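J.: Quick one: structure below, then a few questions.
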Amino acid sequence: SSVYALRPIAVGQEISLCYLSTTDRLRSVESRRLHLQAHKMFLCCCPACSKGSDSFRLVPCPRCHEREGSGMRLPAKIANEHQAVSYASLELASQSWNCAACSSSWTSEDFLEVCGREPADELRISSSIGDYLMALEADCFFGAPDHTEWFALRKEAASLFGLRHWTSMLLDLSMLDHLSLKLQALVKEGLRQDHDNLLETPEMLAEFEGALFSLLDRMVSALGSDSDAVALLWEDLWSAASIFFAFGRFEPAQKLLHLIRPFVERCADYLLPKPDFSATGAEAILALSQQIEGCRDRKGSREPLLVILRSPYFQGISGELTWNSLLI
């Protein structure tokens with residue numbers, strides 16, 4: 001096999017490789033480092049773990065947003081972002097928490113205290129979420145062993161740390177995986193029967209769309225750019241786009257394809273032959289089906305996706321596109 005660079009590398013520049021899965025990369029710097037120390041026996045000092053702020057450990061500023069009750073919980077409208085929220089972030093070099101909105105700053109110890117939290121609180125909720133995600137992964141995210149547990153964990157994480165903390169974001173990603181596989185199963189069932197059968201789950205589809213774009217918005221905000229968020233989630237976004245196409249939801253599908261296309265085409269420049277590659281509609285649908293199957297059993301190749309996006313079949317994506325045109 002070969003390894004290809006997606007951006008220029010200077011002479012003498014150190015080349016590193018990320019050992020973390022998408023799920024693990026969404027964790028806080030502290031959690032990622034502990035994971036790598038335990039499994040790879042080294043302390044990670046990459047730019048993401050040593051420079052700037054901890055992107056996935058944002059917490060609503062305790063000066064801008066007071067906690068409530070004896071448990072010092074966030075009000076529901078703040079925890080769930082039903083109004084504008086000012087977040088404090090942890091600067092990695094100084095280990096200080098800072099809020100840009102009110103210019104407040106705290107040491108790590110003082111910040112937890114003013115939030116009414118202890119280090120054990122984050123460890124407790126992260127351990128519970130870890131156990132839940134392991135159970136989901138063992139079930140391929142399909143059956144959702146305990147949906148009630150997800151809502152309880154999500155409420156707990158949001159009330160303690162807000163929606164832009166890694167614990168909430170991991171739970172939201174797990175729900176997207178679950179809904180994605182449920183909808184993919186309905187697509188496959190409907191394709192064997194009639195397109196009208198695909199329209200019987202509008203509530204699930206609306207939930208999926210809302211959760212997807214909410215998580216994507218928070219990812220872009222945390223990482224500072226669309227491209228960084230897409231690089232992390234492009235396979236999830238591709239699966240979502242294919243689902244929206246199948247259900248005739250072309251607007252969100254086109255938004256997602258617009259986001260992932262630059263990233264995927266950079267891969268395609270290296271992974272596909274240089275001569276123009278073409279695919280008929282039937283070949284594209286077959287490749288799409290293989291891609292979805294690959295996501296389900298985690299053995300799929302990325303090549304079908306690249307073939308589809310490099311083909312003239314998707315060149316007119318912004319033009320007229322109907323369900324019938326997908327079933328050439």
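J.: Residues of segment 40-57 being free of Cβ contacts under 8 Å to residues at least 24 places away in the same chain and surrounded by 14 or more Cβ atoms within 10 Å (Cβ to Cβ), which ones?
T.: The first filter runs over segment 40-57 and keeps only residues free of Cβ contacts under 8 Å to residues at least 24 places away in the same chain, leaving 40-45, 47-48.
Scanning segment 40-57 gives 44, 48.
J.: In addition: So residue 216 clears everything in (1) open to solvent by less than 20 Å² (accessible area, probe 1.4 Å); (2) among the hydrophobic types (A, V, I, L, M, F, W, C); (3) modelled with pLDDT under 80 except one condition, right? Which one?
T.: (3)
J.: When the residues of segment 135-159 are narrowed to those that are more than 21 Å from residue 25 (Cα to Cα) and assigned to a helix (DSSP H, G or I), which ends up modelled with the lowest pLDDT?
T.: Ranking the qualifying residues of segment 135-159, first place goes to 147.
J.: Now a separate question. Return only the number of the condition from (1) within 19 Å of residue 155 (Cα to Cα); (2) surrounded by 14 or more Cβ atoms within 10 Å (Cβ to Cβ); (3) among the aliphatic types (A, V, I, L, M) that residue 114 does not satisfy.
T.: (1) is the only condition that residue 114 fails.
J.: Look at residue 7 and say whether it is of a type in the set (Lys, Arg) and within 20 Å of residue 165 (Cβ to Cβ).
T.: Spelling it out, it is not the case that residue 7 is of a type in the set (Lys, Arg) and within 20 Å of residue 165 (Cβ to Cβ).
J.: Filtering segment 58-88 down to residues that are open to solvent by less than 20 Å² (accessible area, probe 1.4 Å) and of a type in the set (Gly, Ala, Ser), which residue is nearest to residue 153 (Cα to Cα)?
T.: 79
J.: Does residue 124 qualify as being assigned to a loop (DSSP other than H, G, I, E, B), of a type in the set (D, E, K, R) and either modelled with pLDDT under 95 or over 27 Å from residue 52 (Cβ atoms) (or both)? Don't jump to the end; show me each part of the working.
T.: Values: assigned to a loop (DSSP other than H, G, I, E, B): no; of a type in the set (D, E, K, R): yes; either modelled with pLDDT under 95 or over 27 Å from residue 52 (Cβ atoms) (or both): yes.
Criteria not met by residue 124.
J.: In segment 20-31, which residues are open to solvent by less than 80 Å² (accessible area, probe 1.4 Å) and either more than 19 Å from the chain's Cα centre (by Cα) or closer than 20 Å to residue 111 by Cβ (or both)? If you could, list the steps in order and put the result at the bottom.
T.: First pass over segment 20-31, keeping only residues open to solvent by less than 80 Å² (accessible area, probe 1.4 Å): 20-24, 26-29, 31.
Across segment 20-31, the qualifying residues are 27, 28, 29, 31.
J.: Let me ask something additional. Starting from segment 227-250, keep only residues that are without any contact (Cβ under 8 Å) to a residue 12 or more places away in the chain and over 18 Å from residue 181 (Cβ atoms), then list their pairs with residues that are part of a helix (DSSP H, G or I) and of a type in the set (Val, Ile, Thr) whose Cβ atoms are within a distance under 9 Å, requiring at least 6 positions of separation or different chains.
T.: 228/220
The values are calculated or read from the model by the stated rules, or taken from the named source; none is laboratory data. Just so it is clear, the structure is predicted and the values come from calculations on it, not from any experiment. Using ideal geometry, Cβ is built from the backbone for each residue, glycine included, and neighbour counts are taken over all protein chains shown. Keep in mind that these areas ignore ligands, DNA and RNA; they rest on the heavy atoms of the full protein, side chains included. Shrake-Rupley method; radii C 1.70, N 1.55, O 1.52, S 1.80 Å.
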